[in-house]
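Undergrad: This is the structure I want to talk about, given as structure tokens.
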Amino acid sequence: MIEKHTLEELLGIAVSTGADFAEVFAEHEHSNTIRLVAERIESIRDHVRAGVGIRAFVGTKTYYASTSDTSREGLLACAAAVAGAVGDAKSAGARITLMPDAIPDRHAIRLYPDDVATREKVELLREACTAARETDERIAQVQGTFLDVDRRFLVANTEGLCRTDRKVRTRIAVSAVASAAGENQSGSFAPGAGMGMELFETVSPRAVGKRAADQALTNLGAVYCPAGTMTVAIENGFGGVIFHEACGHSLEATSVGIGASQMAGKLGQQIANPKVTAIDDGTIPNGWGSYSIDDEGNPAQRNVLIENGILKGYMIDRLGARRMGLPMTGNSRRESYTYEPTSRMTNTFIDNGPDKNEDIIASIEYGLYAKDMGGGSVNPLTGEFNFAVKEGYLVRNGKICEAVRGASLIGTGAQILQDIDMVGQNLATGQGMCGSSSGSVPTDVGQPLIRVRKITVGGR
């Protein structure tokens, strides 16, 4: 991307006015997005993003500039802008010597999306949307999206680090609307992986479309969920969004490092039920949120955050490490070169526990079974959250009964960790995009079926 001697020159300029560390990040990303609405292709977007970001540190102060001008003149101007922001005094200039090396790549790609014709991708999307539409005559609207991303980047810094990585992701999403008697209800499904087109050897487009349609039909026939405090069972896969949002963000150095987290200062303390073990693992082969190196060049890691209810660690980037006096954990991420990186989750999940899944449902005298979770909001400082249930059912006397709609789960991260009192054995993950101060990045969420002994359920 950029020649070694040029990188060394840029780093030297960046620290020439008093910075104690500097970093160059170069990126080239090619993405394709296809949207289908009402049986017609609405858009095909072929997008290339390329540029460079340069960052300097003075203690825990950071200075950042980015440019899409990757000519020598453009890069020198970007480095000079960072140096100028740091200060006016010129030093003799540090001699930077880069030592390029490679981190093993666990994420083999067999069929790169760029090697597959657009018409083949369109046909996969049509197949998924057709399956949704043909599920039932009450399916009134279907939309589908196909996405593939091929991202290459380089990181070099004044410690001599110089590494590159390539990350490929592929995803298909279908949303369906069911309509009857003037009422509309929706359903959706959007699986993806850090894979190429070989994804569709295990993910059936027809199954994706049918699942979205089935959820819409279930919600169309559902009654409104009653409100109150009750026992809730949350299913595996995307159910893990509860931990991701309500607890995961509170374990990122972004908030912990400045004391703006409910989890700050609690290392070694019992913060969850002893059945709860939570992990962030960026090394999972071909995981949606996986990579070989993070956006600061550090190898991805498997980080145990909570073990048997004890807080064991945080997710820490370089700035967080400086603030907290703790080592980096391979969690530095950014949407693109225009963003300064910060600590972010990768593939974050509650691990399998000791309880049988059938026993979890059987244990509930009256409560809610949240089969699929939707979006929500959280305050990392207080841990207060509010999440929608996309597909839910009442549970009576240990049996899953009628479908309900309009349910939401309301609580705090610290409390829900204590109230998870049963953890099942069917761990699965779901794919999402997580937004934070360094932009939107792909993350996996996950868990087995869990039971929360009591939580506030919003409804009617």
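Undergrad: On a 30 Å Cα-Cα criterion, which of the cross-link pairs Lys121/Lys167; Lys356/Lys390; Lys210/Lys312; Lys4/Lys167 come out too long?
TA: Pairs exceeding the cut-off: Lys210/Lys312.
Undergrad: Starting from segment 118-186, pick out the GluC sites (Glu not before Pro) whose DSSP state is loop and whose Cβ has at most 16 other Cβ atoms within 10 Å.
TA: Details: sites: Glu120, Glu123, Glu127, Glu134, Glu137, Glu159, Glu183; in loops: Glu134, Glu137, Glu159.
Filter output for segment 118-186: Glu134, Glu137, Glu159.
Undergrad: Below 8 Å between Cα atoms, with a sequence gap of 6+, how large is the relative contact order for the chain in percent?
TA: Numbers: 1304 pairs, mean separation 73.2, N = 460.
In percent, rounded to a whole number, it is 16.
Undergrad: OK, next. For the chain, find the longest principal axis of its Cα atoms and tell me its angle to the long axis of helix 118-133, 0 to 90°, nearest 10.
TA: Once rounded, one gets 30 degrees.
Undergrad: In nanometres, what is the gap between the two model label sites at Ile44 and Asp359, each 7 Å from Cα along Cα-to-Cβ?
TA: The two pseudo-label positions are separated by 5.5 nm.
Undergrad: Where a Cα-Cα gap under 20 Å defines reach, which aspartates and glutamates qualify for Lys371, not counting those fewer than 8 residues away within the same chain?
TA: Asp214, Glu235, Glu245, Asp351, Asp355, Glu358, Asp359, Glu391, Glu402, Asp419, Asp421, Asp444
Undergrad: What order do you get for Ser179, Ser292, Ser250 when you list them from fewest to most C-beta neighbours inside 10 Å? Before the final figure, lay out each step's value.
TA: Numbers: Ser179 15, Ser292 20, Ser250 26.
By the 10 Å Cβ count, ascending: Ser179, Ser292, Ser250.
Undergrad: For Cα pairs less than 8 Å apart in space and 6+ apart in sequence, what is the mean separation divided by the residue count of segment 228-458, i.e. the relative contact order in percent?
TA: 31
Undergrad: Please report Rg (one decimal) and Dmax (integer) in Å for the Cα set of segment 228-458.
TA: Taking only Cα atoms of segment 228-458, I get Rg and Dmax of 17.0, 54 Å.
Undergrad: Roughly what percent of Cα-Cα pairs across segment 125-241 reach past 26 Å?
TA: Details: 2732 of 6786 pairs.
Percentage above 26 Å: 40.
Undergrad: Run the numbers for Val304 and Glu120: contour at 0.36 nm per residue of separation, minus the present Cα-Cα distance, in nm.
TA: 62.2 nm
Undergrad: By how many degrees, between 0 and 90 and to the nearest 10, does the Cα long axis of helix 72-86 differ from the longest principal axis of the chain?
TA: For 72-86 against the chain, the angle is about 90 degrees.
Undergrad: Can you compute the modelled spin-label distance between Gln141 and Glu198, with each label point 7 Å from Cα toward Cβ, in nm?
TA: If labels sit at Gln141 and Glu198, their model points lie 3.9 nm apart.
Undergrad: Below 8 Å between Cα atoms, with a sequence gap of 6+, how large is the relative contact order for segment 144-244 in percent?
TA: Relative contact order comes out at 22 percent.
Undergrad: I would also like to ask the following. So if we plug the beta-carbon distance of Lys399 and Thr6 into 1/(1 + (r/R0)^6) with R0 = 45 Å, what FRET efficiency do we get, rounded to 0.05? Show your work: numbers first, answer last.
TA: Numbers: r = 67 Å, r/R0 = 1.49.
According to the calculation, E is roughly 0.10.
Undergrad: Leaving out same-chain residues fewer than 8 places away, which lysines sit with a Cα under 20 Å from that of Lys90?
TA: Once the sequence-local lysines are set aside, what remains near Lys90 is Lys61.
Undergrad: Okay, next question. At q = 0.09, 0.12, 0.13 Å⁻¹, what log₁₀ I(q)/I(0) does the chain have when each alpha carbon counts as one equal point scatterer in the Debye sum?
TA: -0.64, -1.06, -1.19
Undergrad: Given the DSSP H assignment, sum -39500 (n - 2.57) over each helix run of at least 4 residues in the chain and divide by its residue total; what's the result at 222 nm in deg cm²/dmol, nearest 500?
TA: Values: 8 runs with 82 residues, N = 460.
After summing the helix terms and dividing by residue count, I get -5500 deg cm²/dmol.
Undergrad: Could you state the angle between the C-alpha long axis of helix 4-14 and the longest principal axis of the C-alpha atoms of the chain, as a value from 0 to 90 degrees rounded to the nearest 10?
TA: 90
Undergrad: How far apart, in nm, are two points set 7 Å out from the Cα along the Cα-to-Cβ line at Ser440 and at Asn426?
TA: Rounded to a tenth, the inter-label distance reads 3.1 nm.
Coordinate-derived values only; no laboratory data. Here the structure is a predicted model, which is why all the values come from computation and not from measurement. When we count neighbours, we look across all protein chains shown, and the Cβ atoms used for this are built from the backbone with ideal geometry, even at glycine.
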